[in-house]
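For reference, the structure discussed in these notes is given below.
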Amino acid sequence: MISLCEELPYASIILQEHVEDYCANCFNEISDTRIQCDDCLEVTYCSLKCQRTDWKNVHCLECQILRSQNQPLTPTMRLSIRVLLKTFGFENIENEPKSFNGATFDELETNFDEYRSSKQHNRFLNDLMAIFQISATSQLSAIFQKVEKRHMIAVICAVLANTFSIYDDLKCENIGVGIYIGLSKHNHACSSKNHVVFVKNRAILRAPEGTKYNQELTISYCSRMLPTSERRKSISQVHFFKCQCDLCCSSTENEFHSQELFKKIENTNELRNLQKLREEYSEELDVDNLLMCHLIEKIAQCAIKLPLKERFRNEAILGIQVYINRLGLGTPEVTRRLYLACLILEKYENGGEIFEKTLESCDLSHGKNHPLTVKISGMIKI
Ligand SMILES: [Zn+2]
Ligand SMILES: [Zn+2]
Ligand SMILES: [Zn+2]
């Protein structure tokens, strides 16, 4: 596979639980120097330079809003605020990087009418507008007086419809969300052969060897290891269409699917409870069931944070073949699942077959120079 193009976000934010671990400006992991904004205490930087850049770009206004909040805002709210401020808050934005394919913010899908008539989304829109009104300092009021309310809402809708999750592959976690104007031009298909990976907050579009860039290329907005009904649900809730790709329409999927079990997996974060779930359902579900794969992946994710990993050797490799059979080596879902296995097996099976497979998959999905590929080849050499 090859990297077709790269894009930095129009705006991005670090998730609340990672605010102290990553720089709000460059998404570097913060090591020794940790500089917090003294005024709002809501953003952290890796250097004074990053703090200054972010202050100038958006935080001088954002800080005024964050300071006035009694409780942390949701990631989507934080991102919407950044986007609104970047769009309306500054007179000259000529330094703004143009998207790689020439797409502009105004061209983004907004799903305006759909969000307005969805109870849940409309409440979000109203809540956010209220935050703006309540926290408006005189400087902010002066800026937003000139903007039509409908235009502001359309911008927030564009954020709702086009948010990318920023994934740190080395940490196996989502660390932030961002708006990528150029990449947003690409439509969704679960069965797409192209995908997006991240280095810090830089998004990279990867495609099979020989692909020429064009805006008709699709990407998948969700994990292909989720059952079709779950993928369809997540797509239709945000984008209001029913995916009809090959993966969604194929009847060969092995999918016992229980909404109840899916919800339980999503809402359980304790290893012991996840293992209990596995015991409970293992009679009913084969290891090649997608929900079972999802559950085992989550167990592995919890296990890598614990010191005694050898206890999870079985969970580490269980179901991996299902991932490979379904999507093939070289898809990010497969690489990430294999990498989770490596993190558990690390000290016990150096140089084993799993490590070689992981490197092969990562080389394809992420590319030779990606930090994840570098890390995995280091794990093999040790
Ligand atoms: Zn930084
Ligand atoms: Zn601040
Ligand atoms: Zn689909």
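The values are calculated or read from the model by the stated rules, or taken from the named source; none is laboratory data. Because the structure is predicted, anything quoted here is derived from the model rather than measured. Positions of Cβ are backbone-derived with ideal geometry, glycine not excepted, and every protein chain shown enters the neighbour counts.
What the table shows:
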| quantity | calculated |
| --- | --- |
| Residue satisfying all of: in segment 301-341; at pLDDT 95 or above and charged (D, E, K, R); farthest from ASP286 (Cα to Cα) among these | ARG336 |
| Filter pass, CYS243 being under 23 Å from the mean Cα position of the chain (by Cα), within 19 Å of SER191 (Cβ to Cβ), buried (at least 18 other Cβ atoms within 10 Å of the Cβ) and within 16 Å of ligand 3 (Cβ to nearest atom) | yes |
| Top-ranked residue in segment 128-156 [being in contact (Cβ under 8 Å) with a residue 60 or more places away in the chain and within 14 Å of THR76 (Cα to Cα); ranked as surrounded by the most Cβ atoms within 10 Å (Cβ to Cβ)] | ILE156 |
| Condition broken by ILE13, with the remaining ones in (1) under 30 Å from GLY367 (Cα atoms); (2) part of a loop (DSSP other than H, G, I, E, B) satisfied | (2) |
| Residue match in segment 179-191 (condition: in a strand (DSSP E or B), buried (at least 20 other Cβ atoms within 10 Å of the Cβ), more than 16 Å from ligand 2 (Cβ to nearest atom) and among the β-branched types (Val, Ile, Thr)) | yes |
| Yes/no for THR211 being among the hydroxyl-bearing types (Ser, Thr, Tyr) and more than 19 Å from the chain's Cα centre (by Cα) | yes |
| Any hit, segment 349-359, residues being surrounded by 15 or more Cβ atoms within 10 Å (Cβ to Cβ), at pLDDT 95 or above and of a type in the set (A, V, I, L, M) | yes |
| Residue list for segment 322-348, restricted to those being over 28 Å from LEU205 (Cβ atoms) and surrounded by fewer than 20 Cβ atoms within 10 Å (Cβ to Cβ) | GLU346, LYS347, TYR348 |
| Positions within segment 56-89 being more than 16 Å from ligand 1 (Cβ to nearest atom), surrounded by fewer than 21 Cβ atoms within 10 Å (Cβ to Cβ) and of a type in the set (Lys, Arg), in sequence order | ARG67, LYS86 |
| Scan of segment 258-300 for residues that are under 21 Å from PRO332 (Cβ atoms), under 20 Å from the mean Cα position of the chain (by Cα) and either surrounded by fewer than 18 Cβ atoms within 10 Å (Cβ to Cβ) or outside the structural domain of LEU345 (by TED's automatic domain parsing) (or both), ordered by number | GLU266 |
| Counted residues, segment 297-335 - those being among the small types (Gly, Ala, Ser) and over 25 Å from PHE198 (Cα atoms) | 1 |
| Whichever residue in segment 1-55 is of a type in the set (S, T, N, Q), in contact with a Ser or Thr (Cβ under 7 Å, 6 or more places away or on another chain) and touching a residue at least 24 places away in the same chain (Cβ under 8 Å) and, among such residues, is surrounded by the fewest Cβ atoms within 10 Å (Cβ to Cβ) | SER47 |
| Scope segment 168-196; condition of a type in the set (Gly, Ala, Ser), within 16 Å of ligand 3 (Cβ to nearest atom) and in contact with a strand residue (DSSP E or B) (Cβ under 9 Å, 6 or more places away or on another chain); matching residues | ALA189, SER192 |
| Matching entry among VAL159, VAL58 (being in contact (Cβ under 8 Å) with a residue 40 or more places away in the chain, among the β-branched types (Val, Ile, Thr) and closer than 24 Å to ILE235 by Cβ) | VAL159 |
| Search result, residues across segment 20-29 that are within 16 Å of ligand 2 (Cβ to nearest atom) and either at pLDDT below 95 or among the acidic types (Asp, Glu) (or both) | GLU20 |
| The listed residue being under 30 Å from SER192 (Cβ atoms) and within 16 Å of ligand 2 (Cβ to nearest atom), out of ARG82, ARG67 | ARG82 |
| Flag if ARG52 is within 12 Å of ligand 2 (Cβ to nearest atom), over 17 Å from ALA11 (Cβ atoms) and of a type in the set (D, E, K, R) | no |
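This table checks each residue for (1) free of Cβ contacts under 8 Å to residues at least 40 places away in the same chain; (2) in contact with a helix residue (DSSP H, G or I) (Cβ under 9 Å, 6 or more places away or on another chain).
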site	(1), (2)
THR163	no, yes
ASP169	no, yes
ILE175	no, yes
HIS186	yes, no
ASN201	no, no
GLN215	no, yes
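Yes or no, residue by residue, for (1) in contact (Cβ under 8 Å) with a residue 12 or more places away in the chain; (2) in a loop (DSSP other than H, G, I, E, B):
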| residue | (1), (2) |
| --- | --- |
| CYS248 | yes, no |
| ARG272 | no, no |
| ILE299 | yes, no |
| CYS302 | yes, no |
| PHE312 | yes, no |
| GLY330 | yes, yes |
| GLU333 | yes, no |
